[in-house]
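Each value in this text was obtained by applying a stated rule to the coordinates, not by laboratory testing. The shown structure was predicted, so the numbers you read here are calculated from the model rather than taken from an experiment. Neighbour counts are summed over all protein chains in view; Cβ atoms, including those assigned to glycine, are modelled from backbone coordinates with ideal geometry.
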Amino acid sequence: MGVPSGYTSAQVVQAVPTGINSALVLISSTTIGSAVASVTVSSAFSSTYDNYKIIVSGGVASTDSFLKLTLGATATGYYYFGVYGSANWGSTVSGDGAANTTFWSSGSASANSLNANIELIAPNLAKNTSYTTIYSNTRTGGTHIMYGGYLTDTTQYTAFTLTTNSGTITGGTIRVYGYANS
Amino acid sequence: MATYKVQIDDVVRDATPAEVAQIETRQAEVEAQAEAAEARAVARQAVLDRLGLTEQEAQLLLGS
C-alpha cells in the first residue's frame, strides 16, 4: 500500500488520539525463550475485542515440526480441517483434519523459522470460538497449509498456548492484535 | 519421563508432571492421526488398484 498524501508512514498505528479508533491494535508481544516446548500468553483476550489476530515470526525450531494452539486449559473439543500442498507437488493438494481433538494445528516450526498467521473469532465471548490459520513450512519442499476450525465449548478465554509437536522452539515473537469492535 | 521447558509469558520453567503428560498425550494423538491417515491412503490405493485407476484419474472422477 502506498503512503497517502500528507502521511509519513503506512505502518499499523499502535497509539491513536482520543476519539479515533485504530482497526488493529497490538495487545501483547512475547519473545519466545530458549529451547521451550510451549509458550503461554496469559492475558491475550478480553471483553475489549471480540476478534483477534496472532502472528508468530522469527525464531527457530530444533526439528521440523508444527505448532499446536490451545485455549486456556481446554484439552478436548477442537475440530479443524484444511488443505495443504507443496510447490514440489505442482497443483496437487491434500486435505487434512481432526475431530474432537486436543488442539488446533496452527503454525510451522522448522529449523529456519517459526511462522503462523492465526485469526481467532470470539475467544472471550460466551460462544464457540473459531479459528483460521495460514502457515508455511519453510524447509525445502515444505508444505503450505490453510486450516479452519472451531472449539465446541463456550468458555470465555483470556489465555492461549502454542506448543510444538516435537522438539523445542527458540526465539521469535508472538504478537497478539485485537480487531476494534467499532 | 522426558523433561520439557515451558514459558508462561516471559517466565521459562520446567514443565510440571501434569504438563509433561499433556504434551505427550498430544504428541501421541498426532502419531495416531498420522497412522490413521496412512491407513486411509493404503485402503484408497487398494481400491484404485482393484479398479485399475491411477490417483490422477481418481481425482478427475471424484474430485479429491
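Return the long-range amide H neighbours of A:TYR157 (sequence gap of 5 or more, or a different chain), with a cut-off of under 5 Å between placed amide H atoms.
A:ASN124, A:LEU125
Which whole-number percent of Cα pairs in the range A:65-162 have a distance greater than 16 Å? The partial results should precede the final answer.
Working: 2610 of 4753 pairs.
Everything past 16 Å amounts to 55 percent.
Would you please state the base-10 log of I(q)/I(0) at q = 0.08, 0.14 1/Å for the protein assembly as shown, with intensities from the Debye formula using one equal scatterer on every alpha carbon?
-0.36, -0.98
In which sequence would A:SER34, A:SER166 go, from the one with the fewest C-beta neighbours within 10 Å to the one with the most? Display every interim value, and only then the final one.
Details: A:SER34 11, A:SER166 16.
Fewest-to-most Cβ neighbours within 10 Å comes out as A:SER34, A:SER166.
Convex hull over the alpha-carbon atoms of the range B:5-62: what's its volume per residue in Å³?
Details: hull volume 6.9 nm³, N = 58.
Once divided by residue count, the hull of the range B:5-62 is 118 Å³.
Given a cut-off of under 8 Å on Cα pairs at least six residues apart, what relative contact order in percent is computed for chain A?
Numbers: 506 pairs, mean separation 65.9, N = 182.
Taking the mean separation of contacting Cα pairs over the length of chain A, I get 36 percent.
Gaussian network model of chain A, Cα springs within a sub-10 Å range: biggest mean-square fluctuation belongs to which of A:LYS127, A:LYS53, A:LYS68?
A:LYS127
Please rank A:THR163, A:THR40, fewest neighbouring Cβ atoms within 10 Å first, as an exposure proxy.
A:THR40, A:THR163
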